[in-house]
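The values are calculated or read from the model by the stated rules, or taken from the named source; none is laboratory data. All values reported here derive from a predicted model rather than from experimental measurement. For neighbour counting, all protein chains shown are included, and Cβ atoms are generated from backbone atoms with ideal geometry for every residue, glycine included.
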Amino acid sequence: MKFWWLSWKDLLLIVRDKKALLTLILMPLLLIAILGSAFGDMMKEEETISIEKFTLGVVNLDQGPLSQVLTDDVLSKKLSKQIKVKYYQEDELYSRIKNHKLEVGIIIAKDFSQALMNGNGTKVKLISVPDTVIKSTIVQNVLEQFSRSIPIEAAVSQIAQPVQGGEQNSFVQEGYGENDLLKETTVDAKTIPVSSFQYYAAAMGVMFLLMTVVQGVSMMILEKEQEVFKRLLLTNLTYPNYLLGKLLGLIILCLMQASIIIVGTSLIFGVDWGESLSGIMLLTFAFVVNACGLGVLAGSFIKTEKAFNVAGMFGTQIMAALGGSMAPLYIFPDWVVFVTKILPNGLALQTYLKLMSGAAVSDILPAFAGSIVLGIAFFSIGLFRLSLERRGKYA
Amino acid sequence: MSMLTVQDLQKSFGKFEAVKGVSFTVEKGESFGLLGPNGAGKSTMINMITGLYPPTSGEIHMKDIDVIKSPKQAQKWIGVVPQEIALYQSMSARENLRFWGRMYDLSGNSLEKSIDQVLEIIGLTERAKDKVETFSGGMKRRVNIGAAILHKPELLIMDEPTVGIDPQSRNHILETVKRLNSEGMTIIYTSHYMEEVEYLCERIGIVDYGQLIASGTLRELRESIGDHSRIFLTIEKDHLSEEKLTKSLLGFFPEKNFELQDHQVMVFHKEPQLILSDFIQLVTQTGTKITSVNIVEPNLESVFLHLTGRKLRD
């Protein structure tokens with residue numbers, strides 16, 4: 001239990017440090033308010049630009065009349081200002097999306113018309129490159145609207161056959177494809193647009209958590225330079241217990257900060273973090289583990305607290321910029337957005353946005369698992385390096 | 001069985017040899033002093049004895065425990081007062097003691113009882129709830145000692161525990177150490193203040209350039225340099241003819257047991273009273289004006305000076 005008392009002591013010292021508290025708690029809330037207000041209009045503009053005309057790839061495997069109504073009447077004619085329809089073979093559609101030559105496509109299943117008329121739901125597979133949230137959402141909404149009204153009217157007027165049901169829109173549930181460059185999603189997943197306040201609540205929260213990790217690891221390095229570290233080594237505390245205590249303290253601190261940011265933005269600014277509380281909790285925990293692991297690994301390469309502070313400051317800013325905390329992810333090309341998932345903050349921010357858009361806990365499990373695995377890997381390597389360093393110096 | 005046995009201890013940092021084959025023993029209940037100037041290697045020795053640094057070679061045994069092989073086992077019985085203040089400044093004295101006690105596996109009532117006892121010993125019961133950052137240097141040093149004795153160690157190692165504090169706090173610390181020793185705790189006390197070591201320690205080891213150049217009781221060390229006192233003659237610089245004075249002194253002290261430095265003449269002699277009047281007359285005859293005369297009985301400073309040719313604080 002000695003590691004626990006070590007964590008407790010670290011938390012006590014932070015809580016008593018007014019300057020640190022100000023940076024950890026008040027600063028993020030203040031920045032969220034400022035950036036959320038300032039960038040609000042800019043984000044709206046981006047959203048407007050994004051819904052200007054784009055190409056939708058269509059593979060129509062259905063021979064029935066309703067698929068033609070959908071593609072010709074609805075997509076090509078009624079939505080001609082927003083959508084340009086291009087027809088492809090299935091393989092070609094996949095290939096174009098994989099190569100980013102096309103961003104969104106739909107595959108209309110063979111029995112689309114029949115299924116719709118029988119009241120068995122509409123079978124359409126929506127494919128897009130990751131994170132083209134706006135375009136995918138537009139197509140999704142069109143398909144939902146179509147499934148609710150147009151087919152009934154069309155069916156009545158064209159084939160004069162009664163249609164049962166049709167109220168429930170249940171598109172084909174497909175998992176993620178073999179290739180991660182493609183995102184196949186169910187159309188009935190309700191993607192809710194994220195507001196600027198929501199975006200910056202998550203973005204600033206993630207950035208400040210990174211800064212907390214830098215501060216925590218920096219304190220660890222500082223303690224190693226001081227006499228208290230030697231004194232600790234002379235007690236009954238073992239070195240693995242020491243490291244465990246320090247890491248636990250850091251994780252608890254980050255979780256406390258994250259909770260304050262989430263609850264604070266929710267209460268003060270009315271930020272909606274999504275419907276999945278368990279998803280938010282799991283993601284926050286996973287991100288904190290990932291970021292702390294990375295912090296400990298980075299700290300194991302740097303000997304002095306001053307050097308770590310400088311490196312940490314630059315590292316945090318670069319990671320924050322790439323991860324979308326400084327400017328909205330929407331302005332980056334999709335491949336950049338995808339690549340930045342490698343960064344703990346990039347992955348966390350995109351997953352927070354997903355949860356805010358209405359994703360369920362099951363949707364974020366891959367991101368959760370990835371973060372935890374990365375965090376443990378970072379920490380293990382860092383621990384190994386620190387142990388080697390200690391053995392070289394101390395008994 | 002000795003409380004501590006150190007045998008041929010050696011420590012190198014790269015090419016620099018900080019400790020060069022040191023051997024000594026400390027008996028149970030004894031108070032042993034390690035005296036030497038800053039940078040002599042005392043702290044490095046302490047760090048090895050406490051099991052913090054691995055020695056390059058040599059052996060260290062605390063009773064029957066091999067400190068090098070089982071440092072954690074030995075550390076249970078050792079209390080260390082580091083040279084720097086190793087405390088958390090924004091925590092109170094009691095909180096600090098509680099934290100360090102827990103690191104030594106103390107808990108519950110026994111921990112609280114131990115904290116109360118320690119606060120009484122270091123004289124800070126009234127200030128127990130105050131944060132360490134509000135304490136004077138001397139008070140911080142006292143808490144620093146308190147954190148080392150919570151677990152009632154058999155061997156207390158103190159590394160320059162009175163550096164940079166006021167005389168009142170220093171006296172308090174010296175009295176605390178005396179008390180702990182009289183209650184049966186074995187003490188190793190390192191310092192470059194000879195008067196502290198003289199006051200506290202039954203046996204003394206003198207360290208210089210990583211070597212133990214002498215050890216024994218104060219009497220034994222004095223005798224080792226022939227129990228010589230020192231006569232200090234302070235002279236007016238304006239009236240000094242260095243060449244003339246040196247010539248006269250060489251005639252009077254053919255064995256060259258004197259030093260002429262700046263405006264002071266120092267002479268080593270076993271019986272200074274016997275030569276004092278002749279010595280003063282000799283100096284006056286050279287036209288040199290004497291401003292003061294001082295006789296210093298042999299002490300650790302003179303032992304160190306005799307052994308190394310340097311003053312302790314040089």
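Here are a few things to note about the model shown:
- Selection status of B:MET185, in the same structural domain as B:LEU9 (by TED's automatic domain parsing), out of contact with any helix residue (DSSP H, G or I) (no Cβ under 7 Å at 6 or more places or on another chain) and either closer than 25 Å to B:SER23 by Cα or without any contact (Cβ under 8 Å) to a residue 40 or more places away in the chain (or both): yes
- Within the stretch B:55-68, one or more residues are farther than 23 Å from B:GLN211 by Cα and within 14 Å of chain A (Cβ to nearest Cβ).
- Test: A:LYS2 is within 12 Å of another protein chain (Cβ to nearest Cβ) and over 18 Å from A:MET219 (Cβ atoms): yes
- Hits in the stretch A:313-325 - residues which are free of Cβ contacts under 8 Å to residues at least 40 places away in the same chain and surrounded by 16 or more Cβ atoms within 10 Å (Cβ to Cβ): A:LEU322
- The stretch B:153-182, residues that are over 15 Å from B:GLY138 (Cα atoms) and without any contact (Cβ under 8 Å) to a residue 60 or more places away in the chain: B:LYS178, B:ARG179, B:LEU180, B:SER182
- Which numbered condition B:GLY210 fails, given (1) on the phi > 0 side of the Ramachandran plot; (2) in the same structural domain as B:THR190 (by TED's automatic domain parsing); (3) surrounded by fewer than 16 Cβ atoms within 10 Å (Cβ to Cβ); (4) not basic (Lys, Arg): (3)
- Candidates B:PHE304, B:PHE253, filtered to the one that is aromatic (Phe, Trp, Tyr) and over 16 Å from B:ASP227 (Cα atoms): B:PHE253
- Set A:GLY216, A:GLY249, A:GLY205: member being among the small types (Gly, Ala, Ser), more than 14 Å from every other protein chain (Cβ to nearest Cβ) and within 24 Å of A:LYS306 (Cβ to Cβ): A:GLY216
- Any hit, the stretch B:165-185, residues being more than 30 Å from B:GLU120 (Cβ to Cβ), assigned to a helix (DSSP H, G or I) and in contact with an Asp or Glu (Cβ under 9 Å, 6 or more places away or on another chain): no
- Of all the listed residues (B:GLU236, B:GLU223), the sole one being more than 30 Å from B:ILE204 (Cβ to Cβ) and of a type in the set (Asp, Glu) is B:GLU236.
- On the stretch given as the stretch A:65-121, residues that are part of a helix (DSSP H, G or I) and not acidic (Asp, Glu) total 24.
- Among the residues examined, A:LEU75 does not qualify as modelled with pLDDT under 85 and of a type outside the set (Gly, Ala, Ser).
- Of the residues making up the stretch B:73-99, those that are in contact (Cβ under 8 Å) with a residue 12 or more places away in the chain, more than 7 Å from every other protein chain (Cβ to nearest Cβ) and outside any loop (DSSP other than H, G, I, E, B) are B:ALA74, B:ILE78, B:GLY79, B:VAL81, B:SER92, B:ALA93, B:ARG94, B:ASN96, B:LEU97, B:ARG98.
- Hits in the stretch B:291-303 - residues which are touching a helix residue (DSSP H, G or I) at 6+ places or on another chain (Cβ under 6 Å) and either modelled with pLDDT of 85 or more or of a type in the set (Lys, Arg) (or both): B:ILE295
- Residue ranges of strands (runs of 3 or more DSSP E) in the stretch B:213-314 with at least 1 members in contact (Cβ under 8 Å) with a residue 40 or more places away in the chain: B:229-235, B:264-269, B:290-296
- Of all residues in the stretch B:139-176, those that are within 14 Å of chain A (Cβ to nearest Cβ) and hydroxyl-bearing (Ser, Thr, Tyr) total 0.
- Search result, residues across the stretch B:100-138 that are outside any loop (DSSP other than H, G, I, E, B), more than 29 Å from the chain's Cα centre (by Cα) and within 10 Å of chain A (Cβ to nearest Cβ): B:ARG102, B:LYS131
- Evaluation of B:LEU156 against the conditions (1) under 14 Å from B:GLU84 (Cα atoms); (2) not charged (D, E, K, R); (3) not in a helix (DSSP H, G or I) shows that the sole unmet condition is (1).
- When A:VAL310, A:VAL361, A:VAL339 are screened for being surrounded by 14 or more Cβ atoms within 10 Å (Cβ to Cβ) and among the β-branched types (Val, Ile, Thr), only A:VAL361 passes.
- Some residue of the stretch B:19-35 being farther than 20 Å from B:MET1 by Cα, within 14 Å of chain A (Cβ to nearest Cβ) and more than 17 Å from the chain's Cα centre (by Cα): no
- All of (1) surrounded by 16 or more Cβ atoms within 10 Å (Cβ to Cβ); (2) farther than 22 Å from A:VAL373 by Cα; (3) not acidic (Asp, Glu) hold for A:LEU294 with one exception: (2).
- Residue check for B:THR44: hydroxyl-bearing (Ser, Thr, Tyr) and within 14 Å of chain A (Cβ to nearest Cβ): yes
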